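Below: the structure, in structure tokens.
The values are calculated or read from the model by the stated rules, or taken from the named source; none is laboratory data. This one's a predicted model, so the numbers in the text were calculated from it and none came from an experiment. Ideal geometry is used to build each Cβ from the backbone, glycine not excepted, and the neighbour counts take in all protein chains shown. The area values use the complete protein model at the heavy-atom level, side chains included, leaving out ligands, DNA and RNA. Shrake-Rupley method; radii C 1.70, N 1.55, O 1.52, S 1.80 Å.
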Amino acid sequence: MATRTEDGVARGGPLARVLVYGLLLFAAAYFLLPLYVMLTTSFKTLGQISGGNLFALPAPFSLTGWRDAWSSACTGSDCTGLQHYFWNSVAFTVPAVLLSTAFGALNGYVLTKWRFRGSEIVFGLLLVGTFVPFQMFLLPMARVLGMIGLDNSVAGLTLVHTVYGVAFTTLFCRNYYVAIPDELVKAARIDGASFISTFRYVILPISTPILMVCVIWQFTQIWNDFLFGVVFTSGDAHPITVALNNLVNTSSTGVKRYNVDMAGAIITALPTLVVYIVAGRYFMRGLTAGAVKG
Amino acid sequence: MAVLNIENVSKTFGETRVLEDINIAMAEGEFLILVGPSGCGKSTLLNMIAGLETITEGQITLDGRSVNAASPRERNIAMVFQFYALYPNMNVRRNIEFGLKMRGVAKKERGATVDRVARMLQIEDLLDRKPAQLSGGQRQRVAIGRALARDPALFLFDEPLSNLDAKLRVEMRTEIKQLHQRLATAMVYVTHDQIEAMTLGDRIAVMHAGRVQQLGTPREIYDDPANRYVAGFIGSPAMNFIECELSGRAGDITVCLSGSEGESRLWLPAATTEKLAAHGARRVVMGVRPEHLVPAVAERAGAIACRIDVVEPTGPDTYLHTEINAEPVTARCLPSAAPVAGDTVALAVDVERAVFFDCDSEARIA
């Protein structure tokens with residue numbers, strides 16, 4: 001029942017169509033349902049939640065869960081909600097993302113356009129960094145942070161995430177810059193541009209897609225990180241992921257406040273979602289750009 | 001004073017020797033061509049002049065100043081690349097003025113320069129476009145404009161036309177030649193295309209295997225090739241090489257050529273025989289360009305009877321393919337007098353223009 005179509009690609013008949021769309025809709029529902037439950041639950045009152053129907057719409061519509069999660073829920077002994085930890089996470093994620101992206105871009109530029117003796121070995125070593133699991137980092141990094149006096153601080157987490165992320169951003173940028181013709185850099189040098197001004201005026205302006213890839217990747221990794229946060233910080237310096245865990249596991253009254261938990265989880269996940277939506281259209285373009293450019 | 005002086009320059013990449021003892025001096029306003037097959041080192045030499053590659057041995061001077069240690073920025077040069085190398089994020093105006101900006105030229109002056117260059121190259125209406133919105137020919141024109149803006153002492157061209165289609169290439173070739181006549185600035189032009197080399201150059205350096213095989217005017221290179229390589233590389237269709245036996249003594253040397261339908265003995269001119277006698281070899285390679293191997297006007301002594309295998313009309317000329325001394329050769333004739341394939345034609349060799357090479361060393365004998 002396959003028929004030839006205009007573009008010469010054989011497609012199935014109506015039955016196949018229904019099957020394909022059915023499967024797609026099922027997959028979409030499968031992934032969206034938990035989000036639906038989270039959202040509706042976060043706007044319900046505790047009364048309605050204990051009343052039973054998981055899929056019911058919130059009635060009455062209540063913002064208590066969100067308000068409590070943000071400003072008054074208890075995370076351990078501290079009962080000021082997630083807001084403090086949210087800003088903690090912002091405080092180390094933003095600089096760590098920017099720094100690791102900047103270093104990655106510079107590294108990629110040097111490794112492709114200003115090659116030096118042994119640059120392939122340096123790249124190889126950096127590549128190894130992408131295979132090192134988080135856990136192997138913990139002990140040596142804890143020692144280093146202690147020695148330089150950055151343990152239990154936002155600055156310490158910034159450093160850890162920057163160092164860990166540079167391997168990835170270097171890999172991304174290097175592979176992107178490899179596809180940019182060397183002649184461009186030669187032309188800039190003939191035009192009198194220095195190492196830095198070539199980067200600034202010629203390379204950086206055409207790097208947007210790959211920088212977006214780095215930002216999204218790094219932001220997701222760093223914001224969502226739990227392990228480094230829980231190991232290298234304590235108490236006040238925790239990132240939001242650790243605070244969320246504490247919030248969910250602390251119940252002063254013995255009653256699980258699902259609306260607060262759900263609102264807290266959404267607050268924690270929201271920034272990565274925003275970054276995807278804002279920078280996402282560059283993401284796919286960036287990942288494939290190197291492959292199609294000549 | 002020489003604008004550019006290349007003295008005893010060599011280049012090695014690790015163990016590989018890519019350039020060997022290069023010596024070229026370039027006069028003011030000269031158009032010098034570096035021509036050779038890919039891998040002959042011509043682009044490397046150009047990059048060394050530009051300062052994009054280091055010099056392993058020897059010295060390069062620009063305007064009397066050694067530039068061995070100078071960065072590209074410190075050399076008064078501009079370069080046009082094969083793949084245009086326009087900055088994709090900048091419009092044409094900003095591409096052209098980038099070099100001036102990097103050298104701290106004031107904005108107003110930059111604007112005036114861009115306008116002057118754009119007028120000269122007739123790209124005024126393209127100034128606000130991005131490179132992606134331009135055709136290949138327009139891009140190369142902008143790339144030339146970028147080089148012109150700086151008003152350098154020396155222009156370097158790295159196969160600038162090899163990316164254009166055939167028709168555009170011929171047009172741009174003429175334009176570059178006109179540009180050179182107008183500017184009278186020295187230019188070094190790298191190409192693998194021997195027609196570009198012949199048509200553009202005041203002098204040509206034919207390069208092969210890291211060495212300059214011959215440096216001379218297009219006429220010298222064409223009429224008086226230094227060795228078999230140069231003779232074969234320059235000229236289209238290529239020169240015929242016929243291995244042959246010499247007989248006789250100094251002052252009276254003859255060469256025996258046999259076509260498929262008969263053989264013939266040719267007496268060589270006195271100047272040639274002296275050199276051949278001095279060299280002493282009995283077996284040599286005779287080089288005859290197709291235009292010097294033509295159908296004999298009348299039954300003439302020395303004409304070689306050959307069966308024509310293939311007839312190739314090209315328009316102005318018709319080329320005939322046959323064999324002499326069992327080697328494939330190409331002869332030229334007027335289209336009006338062209339035979340058909342299978343005909344037997346008596347071919348005459350212009351012995352005055354024939355050249356002779358050593359069989360082994362391929363060096364020129366006479």
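What is the diffusion coefficient of the stretch B:207-281 in µm²/s, taking the Kirkwood radius over Cα pairs and the Stokes-Einstein relation at 25 °C with a viscosity of 0.890 mPa s? Mind dumping the intermediate values first?
Working: Rh = 14.5 Å.
Answer, rounded: 169 µm²/s.
Round to the nearest 10 and give me the degree value, 0 to 90, for the angle of helix A:154-177's Cα axis relative to the longest principal axis of chain A.
For A:154-177 against chain A, the angle is about 50 degrees.
Identify unpaired cysteines across chain A, taking unpaired to mean no other cysteine Cβ lies under 4.7 Å from the residue's Cβ.
If one checks each Cβ against the other cysteines of chain A, A:C173, A:C214 turn up with nothing under 4.7 Å.
Give the carbon-plus-sulfur fraction of the accessible surface of chain B in %, rounded to a whole number; probe 1.4 Å, heavy atoms of protein chains only.
Answer for chain B: carbon and sulfur cover 47 percent of the accessible area.
I'd like the orientation of helix A:208-224 relative to chain A: the angle between its Cα long axis and the longest Cα principal axis, in ° from 0 to 90, rounded to 10.
40
Taking a probe of 1.4 Å, how large is the accessible area per residue of chain A, in Å²?
Value for chain A: 53 Å² per residue.
Where a Cα-Cα gap under 23 Å defines reach, which lysines qualify for A:K44, not counting those fewer than 8 residues away within the same chain?
A:K256
Full extension from A:L139 to A:V230: what is 0.36 nm times the residue separation minus their Cα-Cα distance, to one decimal in nm?
Residue separation times 0.36 nm, minus the Cα-Cα distance, leaves 31.5 nm.
Give, to the nearest whole percent, the P(r) tail of the stretch B:240-358 beyond 22 angstrom, counting all Cα pairs.
Counting every Cα pair in the stretch B:240-358, those more than 22 Å apart make up 31 percent.
At R0 = 30 Å, how high is the FRET efficiency between B:K177 and B:V351 if r is their beta carbon distance? Nearest 0.05 is fine. Write out the running numbers ahead of the final one.
Working: r = 35 Å, r/R0 = 1.16.
Plugging the Cβ-Cβ distance into 1/(1 + (r/R0)^6) gives 0.30.
Quick one: Kirkwood hydrodynamic radius for the protein assembly as shown, alpha-carbon pairs, angstrom, one decimal?
31.8
Given the options A:W217, A:W66, A:W87, which has the most mean-square fluctuation in a GNM of chain A, springs set between C-alpha atoms less than 10 angstrom apart?
Result: A:W87 has the largest fluctuation of those listed.
State whether chain A is rounded, prolate or oblate according to the following rule on the C-alpha gyration tensor (a ≥ b ≥ c being the square roots of its eigenvalues): a/c under 1.5 gives rounded; otherwise a/b larger than b/c gives prolate, and the remaining case gives oblate. Could the numbers behind the result be given before it?
Working: a/c = 2.70, a/b = 1.26, b/c = 2.15.
Because a/c hits 1.5 or more and a/b fails to exceed b/c, chain A counts as oblate.
Return the long-range amide H neighbours of B:L347 (sequence gap of 5 or more, or a different chain), with a cut-off of under 5 Å between placed amide H atoms.
B:A296, B:I304, B:A305, B:C306
What is the average number of partner chain Cβ atoms found within 10 Å of a Cβ in A:31-37?
0
For the pair B and A, how large is the buried accessible area, both sides, in square angstrom to the nearest 100, if the probe is 1.4 Å?
The contact between A and B buries close to 1700 Å².
In nm, give the distance between the simple-model label positions of B:L334 and B:A209, each being 7 Å from the Cα along the Cα-to-Cβ direction.
Placing both labels 7 Å along Cα→Cβ, they lie 4.3 nm apart.
Report the residue, chosen from A:P140, A:P239, A:P58, that carries the largest GNM mean-square fluctuation when chain A is represented by alpha-carbon nodes joined by springs under 10 Å.
A:P140
If you plug each phi of the stretch A:51-58 into the Karplus form 6.51 cos²θ - 1.76 cosθ + 1.60 with θ = phi - 60°, what whole-Hz ³J(HN,Hα) values come out, in order, with x for Gly and Pro?
x, x, 6, 5, 9, 5, 6, x
Could you pull out every residue, at least 5 positions away or on a different chain, whose amide H is within less than 5 Å of the one on B:I365? Hs are placed 1.01 Å off N in the peptide plane, and Pro or chain starts have none.
Sorted by chain and number, the residues that satisfy this are B:F356, B:F357, B:D358.
Taking chain B as the region of interest, what is the percent of Cα-Cα pairs per 20 angstrom bin, listed from the shortest bin to the one with the maximum distance?
Calculated over all Cα pairs of chain B, the distribution is 26, 45, 25, 4 percent.
Taking amide H atoms as placed 1.01 Å from N in the peptide plane, list the residues 5 or more away in sequence, or in a different chain, whose amide H sits under 5 Å from that of B:M207.
Answer set, sorted by chain and number: B:V35, B:G36, B:Q213.
I'd like the Karplus ³J(HN,Hα) series for the stretch B:77-89: coefficients 6.51, -1.76, 1.60, θ = phi - 60°, whole numbers in Hz, and an x wherever there's a Gly or Pro.
10, 9, 9, 10, 9, 4, 9, 6, 6, 7, 6, x, 7
Taking 7 Å along the Cα-to-C-beta vector as the label spot, tell me the A:A59-B:V105 distance in nanometres, rounded to one decimal.
Each label point lies 7 Å from its Cα, and together they span 7.6 nm.
Using a basic spin-label model with each label point 7 Å from the Cα along Cα→Cβ, how many nm lie between B:S10 and A:S119?
A separation of 2.7 nm, rounded to one decimal place.
Can you give the Rg to Rh ratio of the stretch B:14-61, both from alpha-carbon atoms, with Rh computed by the Kirkwood formula? Write down the numbers at each step before the final one.
Numbers: Rg = 11.4 Å, Rh = 12.0 Å.
Ratio value, two decimals: 0.95.
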